[in-house]
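Just below is one structure, and these are the notes that go with it.
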Amino acid sequence: MRLPPRSLLRPGPPPDDLLMVVRGGTRTLSDAHLGNQVGDCWERHRFFGLSVFGAPDDDLVALGRAVRAIRIRPVVRVTRCGILRAAGFEVAATFPNPFHYSVVLPDASPPTFELLRRCFGSAEPNPGHEPET
């Protein structure tokens with residue numbers, strides 16, 4: 001598994017296993033959507049990565065206030081870093097946004113996407129949702 005380049009990593013320890021991470025949207029974990037995002041990450045950064053956002057203290061309302069990509073989504077899917085790691089995925093603190101993390105995948109194949117989907121819960125209403133006007 002190819003990890004993100006050091007230039008993309010934020011300093012500090014890796015995220016705690018108990019950190020809740022979030023994907024927003026109803027189709028966010030479909031094969032098509034994952035293929036596009038993971039493929040784009042490979043093209044730009046040379047690792048298979050999926051963006052997620054961490055919700056400190058499991059506070060989705062505060063996360064929505066801080067992160068537009070979550071705030072505008074009426075539904076979210078959540079998991080924990082420990083669940084992702086137990087399934088064989090690494091989670092790295094990436095990019096300057098302190099809420100942004102990358103789930104590192106070994107490849108961009110449908111079986112890997114299915115394993116990833118099983119790590120996340122069902123779509124649920126986003127308590128931090130604020131529609132754009």
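What the table shows:
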read-out	value
Whole-number D in µm²/s for the stretch 38-133 (Stokes-Einstein; Kirkwood sum over Cα pairs; 4 °C, 1.567 mPa s)	92
Tilt relative to the chain, helix 31-45 - C-alpha long axis, 0 to 90 degrees, to 10	60
Sorted peptide list for 101-112, 46-57, criterion being average Cβ within 10 angstrom, highest first	46-57, 101-112
222 nm mean residue ellipticity, helices alone, for the chain (DSSP H n ≥ 4; -39,500 (n - 2.57); rounded to 500)	-8500 deg cm²/dmol
Accessible solvent surface per residue of the chain, calculated while the other protein chains remain in place, 1.4 angstrom probe, Å²	53
Nearest-0.05 FRET efficiency for Phe95 and Ala32, computed from C-beta distance (R0 25 Å)	0.55
The chain, accessible surface, carbon-and-sulfur percent (1.4 angstrom probe)	54
Net charge contributed by nearby residues that have their C-beta within less than 12 Å of Trp42 (K/R +1, D/E -1)	0
Label point distance in nm, Trp42-Val75, each placed 7 Å from Cα along Cα→Cβ	2.8
Cα pair distances exceeding 18 angstrom across the stretch 64-115, given as percent	45
For the chain: relative contact order, % (alpha-carbon pairs under 8 angstrom, 6 or more apart)	35
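The values are calculated or read from the model by the stated rules, or taken from the named source; none is laboratory data. Only a predicted model underlies this, so the values are computations on that prediction, with no experimental measurement involved. Positions of Cβ are generated from backbone atoms using ideal geometry, with glycine treated the same way; all protein chains shown enter the neighbour counts. The accessibility values were calculated without ligands, DNA or RNA, using every heavy atom of the protein model including side chains. Shrake-Rupley method; radii C 1.70, N 1.55, O 1.52, S 1.80 Å.
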